[in-house]
1. Any idea how far apart A:ARG333 and A:ARG57 come out in nm if each label point goes 7 Å out from Cα toward Cβ?
2. Once the stretch A:122-363 is represented by equal point scatterers at the alpha-carbon sites, with solvent omitted, what log10 I(q)/I(0) does the Debye formula produce at q = 0.07, 0.10, 0.12 Å⁻¹?
3. Summarise the long-distance tail of P(r) for chain A by giving the % of C-alpha pairs beyond 29 Å.
4. Note down, for the stretch B:223-352, the three equivalent ellipsoid semi-axes (square root of 5 times each alpha carbon gyration tensor eigenvalue), biggest first, whole angstrom.
5. Restricting to bridges with both residues inside the protein assembly as shown, how much of the DSSP beta-bridge set is antiparallel, in percent to the nearest 5?
6. Just to compare against my own numbers: the Cα pair-distance distribution for the stretch A:111-228, 5 Å bins, whole % per bin, please.
7. Projected onto the charge dipole of the protein assembly as shown (+1 at Lys/Arg Cβ, -1 at Asp/Glu Cβ, origin at the Cα centre), which of B:LEU466, B:PRO430, B:ILE157 gives the Cα projection farthest towards the positive end?
8. HN-Hα J couplings of the stretch A:417-429 from phi, Karplus 6.51/-1.76/1.60, θ = phi - 60°, integer Hz, Gly and Pro as x?
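The values are calculated or read from the model by the stated rules, or taken from the named source; none is laboratory data. Just so it is clear, the model here is predicted, and its values are computed rather than measured. Cβ coordinates were reconstructed from backbone atoms using ideal geometry, including for glycine residues, and neighbour counts include every protein chain displayed. Remember, those area values only see protein heavy atoms, side chains included, never the ligands or the DNA or RNA. Shrake-Rupley method; radii C 1.70, N 1.55, O 1.52, S 1.80 Å.
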Number of protein chains: 2
Amino acid sequence: MKLYEALAAELAAAIHAGELRAGDRLPSVRQATANRGVSASTVFQAYYLLEGQGLIRARDRSGYYVSHGARLLPPEADTPSHPVDEAAVVDISNTVFEVLESAMTREIVPLGSAFPGPLLFPLDRLGRDSGAAARRLDPWSTVDDLTPGHADLRRQIALRYLAAGLQVHPDEIVVTNGALEALNLCLAAVTQPGDTVLIEAPTFYAALQSLEDRRLEAVEVPTHPREGIQLDALERAILRHRPKACWLMTTFQNPLGGLMPDAKKRALVELLARHEVPLIEDDVYGELYFGTRRPALAKSFDTAGLVMHCSSFSKSLAPGYRVGWALPGRYVRAVARRKLTTSLACPILPQMAVARYLEKGGYDRHLRRLRKILQMRQTAFAQAVGHYFPSGTRATRPVGGYFLWVEMPEGVDALEIHRQALSCGISVAPGPIFSAKREFTNCLRLNYGHAWDERTEAAIKTLGTLVAAAK
Amino acid sequence: MKLYEALAAELAAAIHAGELRAGDRLPSVRQATANRGVSASTVFQAYYLLEGQGLIRARDRSGYYVSHGARLLPPEADTPSHPVDEAAVVDISNTVFEVLESAMTREIVPLGSAFPGPLLFPLDRLGRDSGAAARRLDPWSTVDDLTPGHADLRRQIALRYLAAGLQVHPDEIVVTNGALEALNLCLAAVTQPGDTVLIEAPTFYAALQSLEDRRLEAVEVPTHPREGIQLDALERAILRHRPKACWLMTTFQNPLGGLMPDAKKRALVELLARHEVPLIEDDVYGELYFGTRRPALAKSFDTAGLVMHCSSFSKSLAPGYRVGWALPGRYVRAVARRKLTTSLACPILPQMAVARYLEKGGYDRHLRRLRKILQMRQTAFAQAVGHYFPSGTRATRPVGGYFLWVEMPEGVDALEIHRQALSCGISVAPGPIFSAKREFTNCLRLNYGHAWDERTEAAIKTLGTLVAAAK
């Protein structure tokens, strides 16, 4: 983060916290320059940024003041969920599809989308790497690089783990068609139809669909929007339901955006190991942190080989390349064999292109830029929600990823808002698709990973109006 | 086929049929030139070809004679299988994996391989098309071209169907990660665990693995090596076992290589429609015919939407690209949704590259060359089997594809031959992996799709020695 951005973020935080109030005068440029030892241009840039965000306003010749009606963040949604503690066959897939399929056109403002804006990614450079890979393709690699996948790619993935403090041998990695295939392969490796699986509440709808597809029973466990699944409730659920697996996102959970603290991740892994419950860890947002360091992987604390870590490059580098992988611990052979049985292997060129990109360097630079953009979009987006949605609305404050979880006032029907929004050309992801029991009826997951522009702001304004009318 | 090849094929057929016998003199070049109205060089080329195949031999100044010990084809394996008519849970997958995994290195002579030699394919041109596609990639296509797949590719596939006489709308096609994923998606769309599925005997081992994976029961139906599954037995099995699907290869069946005649395909489709049994048609070898026209698709006779046709470009154009598809008839929506749930979508660049290749033309020229090479390799390969394997050996005579099914003398244990061959650096595919009940204990599937060279011939000689010793 640049100096002026840091200064702006600090001032914005003071405004959101109420330390600076509407009408308060900000330090003059000269004062700020002197107090902080930064250049005048840094202060100017910070103030321009805050002005653009609607937080402060210049008055002729007298300096900058905190705006009246400054766009404050909505109050934080920070109470844990309390789902019904009953195992149940899942039956939500049709609803999920109806919601998703309704929004698959470019004309719709994609606030319900699961993907960040594709322009955020170095697709040009990856394209050149694809071309180079294609020119260098050894025909025999079409046979040699079957599952578990292209050796160079697996080596590069292992190197990234090493940088994150986790020693991994390339042979422990199985390349898959995106993280979703990895998750499904892992789930299938440790469950039989009729088994019970523990999940978060709310949870990523694709997890629900996978459970439904395999006729597994779901038990939803109370989950805190900031800190993830609650371990005491998790242990009670283990003792009561004897699950065959636990499927979680411990980093920037979809849809809440919560980040489980490192110590809690360690306690989670130890708890599950004590009960011999495999953990399927979906880590697709792990690289999209706004803080100063990569959050730990639950896998880092895995001494029993029970953590099946799944990830991909789809959200961090190469959308559309469908390059994902599993690191399935003691289940690596079972996962590889299942991959061979269900889809044989992944295409070789996308794997080679990504491996080449990683080898040549630049991934971290790209990620730093991506994280900064997402963080800035989150601020603008959350402020707009605070501004346009009616009082009684709360929202999460994730420190990574690109989803905001919005709790609308009690009684507002998210599925109805979804339908009305769609007729206005806006998609949203309504709460009930994230729940086996169709709970979270007044919640929305909104995607701030697309461009912050007038069209997006207008869409939030429209949503706010719809919600206010439904209140 | 060129003139000299046609002439050589005709003479080879006469030798194999016994019309020309060992020691018989072939017409002189002058006679042949005059009789057939072809040039002397055509006759020379034909004779050279036959000499290279070991069928004829030149004697100084006196012309060409049919060789003593000419490499005759082995007697044809042409009796239908007679599997046990009992539904059974499949439990063969471990054996299949042990056999396949043992042979996954380049050092092994890959007679047990499922893939043809990768040098047979235009990977260079496809590589250039990949590069061009990467340069032209619209970032939004990473979102737009999710399942059912890249629109241009689906249009090109529909055009190929049109050329084969089948009118298909691109929206009826779901792009998949190779044919294997298509087959699995189709199977899952029409079955529940515990259901019964009818298959051929022998059948492609991946079909067995898919049934095992989904806990389906298999009923193996008698199958003729030349003409495919027997319809009277099929109807009896339908009435007795009430199957939820029938999974067949009607064109160049793996492993037998049989080709069901067009009229029989029509009767098959009508029979299954009468009983409302969906047909999963695996057509991955359909383009590899040696005859003058593409064999009909069972799908062509489908008026009820019950035929789920699956294919790919992996065996005909683009190995390693994993571009396959399903044409699932009335189940298209179910298949697309299942694809979304299990692996979301296929990578976009391989789809674009193949679409671009097809659009620019040259596929048919490539295929003509490929078919000719495979046919010539089959002759050389089958003759070597006839030459080196002990009497009592029989083999199929497929008119397409790249597999030979070899019946060794009664009592020879194919799994034992597999182990011995492996220790000699040769892979084979032993008969029992093609059977839910581990039948075909004296059979091998051999792949003639790799280069015909000294190493391959030496491998067949070694195999023949092993078989003779085991007899």
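1. Each label point is offset 7 Å from its Cα along the Cβ direction, giving 7.1 nm.
2. -0.22, -0.45, -0.65
3. For chain A, the share of Cα pairs beyond 29 Å comes to 51 percent.
4. With the √(5λ) rule applied to the stretch B:223-352, the semi-axes are 26, 20, 12 Å.
5. Here the antiparallel bridges make up roughly 60 percent for the protein assembly as shown.
6. Taking every Cα pair in the stretch A:111-228, the percentages come to 2, 8, 12, 14, 16, 18, 15, 8, 5, 2, 0.
7. Result: B:ILE157.
8. Couplings: 4, 4, 5, 5, 4, 4, 6, 9, x, 10, 9, 9, 10 Hz.
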